[in-house]
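Structure first, then comments.
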Amino acid sequence: MKKLLIIFGGFVVLLFGVYFGVGAALSGDYEVIRSKTIEALPEKIYELVGHLDRWPEWTTWNTEKNPGLVISYPGKCEGVGAVEEWSMKGGEGKFEITSAETTRGISYDLSFDEGAMVSEGIISFEAKGATTLIVWRLRGSLEGTASRWFGLFLVPMLEDDLEECLEGLERELASSSK
């Protein structure tokens, strides 16, 4: 029995060593970039991207996909200083537009669970005739061992979300131009 306890204890120590050792070696920084060319002028795109209360129309972050999501806008909804706050099972967050230009796009700060995860995002527009190239960049850092492990799953999830959001933006613009 004593030998079994020693083996079990050694195994637990080994697991903790691997968890913390590998976790410390994992990068805490992440960046996701997605782009899409859409048949719309930047000003039309800005009507959806620069107005936070319009995001549920085209993003994956809405009550239809996340039934427990509660969204509020504690001030203005458009342009620099516009803020969206939300809560749902598993956490809460805040989104704030930090720069906005109708022909060039927006920049924003995003935080989850009182700063446990902080990100910066840019959604830029580049007009090319009747089309616009939209480039969405999201980058941030994850603090702590558990967050770094979570980062292994976060980037693929964010890549999929940004792809879906850009497709939703394209659909919404196409339906509103009819």
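The values are calculated or read from the model by the stated rules, or taken from the named source; none is laboratory data. Everything quoted here is computed from the prediction, not taken from an experiment. Neighbour counts are summed over all protein chains in view; Cβ atoms, including those assigned to glycine, are modelled from backbone coordinates with ideal geometry. What goes into the accessible areas is simple: the full protein's heavy atoms, side chains included, and nothing from ligands, DNA or RNA. Shrake-Rupley method; radii C 1.70, N 1.55, O 1.52, S 1.80 Å.
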- Message: Could you compute the net charge surrounding Lys36? Neighbours are other residues with a C-beta less than 9 Å from the C-beta of Lys36; K and R count +1, D and E count -1.
- Response: -2
- Message: Quick check: at a probe of 1.4 Å, how many percent of the accessible area of region 60-178 sits on carbon and sulfur atoms?
- Response: 52
- Note on the structure: Amide H contacts under 5 Å for Gly79, restricted to residues at least 5 apart in sequence or on another chain and with H modeled in the peptide plane, are Leu52
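Given a Förster radius of 45 Å and the C-beta distance between Thr131 and Asp53 as r, what FRET efficiency does 1/(1 + (r/R0)^6) yield to the nearest 0.05?
0.95
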- Item | Accessible area per residue, Å², region 66-142 with all protein chains present, probe 1.4 Å | 51
